Every structure is written in structure tokens, then in C-alpha cells.
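*Asks:* To start, I am sharing the structure in question, which I have written as C-alpha cells.
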Amino acid sequence: MKRRTRWILVVATGGVLAAFSAGGVALANGSGDSADTPITGPARAKAEAAALTFVGTGKVTGSDASDEGRNAYEVEVTKPDGSQVDVQLDKSFSVVGSKTETETNDDHGSADDKSDGETNDG
């Protein structure tokens, strides 16, 4: 193989690898549309406390921060009966909405998420 042909192959291969690498970094950094950014630090404690107070009883099983719209935070609380409540909070940790999901068994014995209700305050 000629030296020039080898050089072109090396450059082309490097470019392809760089493109794949950049795509992997973008996915790892959560730059996709469905990325969830966990709540951290003091904000996490405040958001969890507000969500648990709203739901009444349960365990926090997830959270994420958002910079979209009026919902700054969303906290998922799993109640003792297995139902889950997604509580949306604004930047001051006030509840602005919630969505309750329960698992039910259909005729085939598999569990499906079924939305029981959704509220939006304001």
C-alpha cells in the first residue's frame, strides 16, 4: 500500500472514531431529550421533605431537577401500597402538581402502570 493511501486511511479512521467518541460523551453527559439530572445538596433534602409532606407517607425513590417551565424539581415517592406519586415542585419547593401511578395486574398476569390521577395547582 502506498504511503499516501495509508495516511488517508489513518485520518479517515481517526475521524470516524472521534465522531463516535463525541456522540458517546454527549450521551454520557445527558445532553439528550430524556436526560434526568438528580437533585443534589441542600435542594435534594428540601425537595424530598416537601414531596413527603405532600404525599403523607412513603419513601423517596427518585428525583430530578429541571430547568423547563415552572417545574424546577420532580420527586418520586413510593407509598406503602406500591403506588407511586410524582410530585412536581417549583424553585421555592412549593408543590405545583402531582401524578399518581399504581401497578395493576391484567388478565395475563403482567403488571402495567396505570395513571390514577394528575393534579396541577395554578
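Computed from the coordinates by the stated procedures, all read-outs in this text should not be read as laboratory data. This structure is a prediction, so every number in the text was calculated from the model and none was measured. Because the Cβ atoms are built from the backbone with ideal geometry, glycine has one as well, and the counts that use them run over all protein chains shown.
*Asks:* Once the other residues with Cβ under 9 Å from the Cβ of Val87 are scored (Lys, Arg +1; Asp, Glu -1), what is the net sum?
*Replies:* On the way: positive: Lys99; negative: Glu74, Glu76, Asp86.
Every neighbour counted, the sum reads -2.
*Asks:* Quick one: length gained pulling Thr61 to Thr78 fully straight, 0.36 nm per residue minus the C-alpha distance? Show your work: numbers first, answer last.
*Replies:* Values: separation 17, 0.36 × 17 = 6.12 nm, distance 0.63 nm.
My answer for the length gained is 5.5 nm.
*Asks:* What net charge do the residues around Glu48 carry, taking every other residue with its C-beta under 14 Å from that of Glu48, with Lys and Arg at +1 and Asp and Glu at -1?
*Replies:* Values: positive: Arg44, Lys46, Lys59; negative: Asp64, Glu74, Glu76, Asp86.
Charge balance in the 14 Å sphere: -1.
*Asks:* What is the extension gain from Thr53 to Ser92, computed as 0.36 nm multiplied by their sequence separation minus the C-alpha to C-alpha distance, in nm to one decimal?
*Replies:* Details: separation 39, 0.36 × 39 = 14.04 nm, distance 1.48 nm.
Contour length minus Cα-Cα distance gives 12.6 nm.
*Asks:* Let me ask something else about it. Among residues other than Asp64 whose Cβ falls under 9 Å from its Cβ, what is the net charge (Lys/Arg +1, Asp/Glu -1)? Please report the intermediate quantities before stating the final value.
*Replies:* Numbers: positive: none; negative: Asp36, Glu74, Glu76.
Summing Lys and Arg as +1 and Asp and Glu as -1 gives -3.
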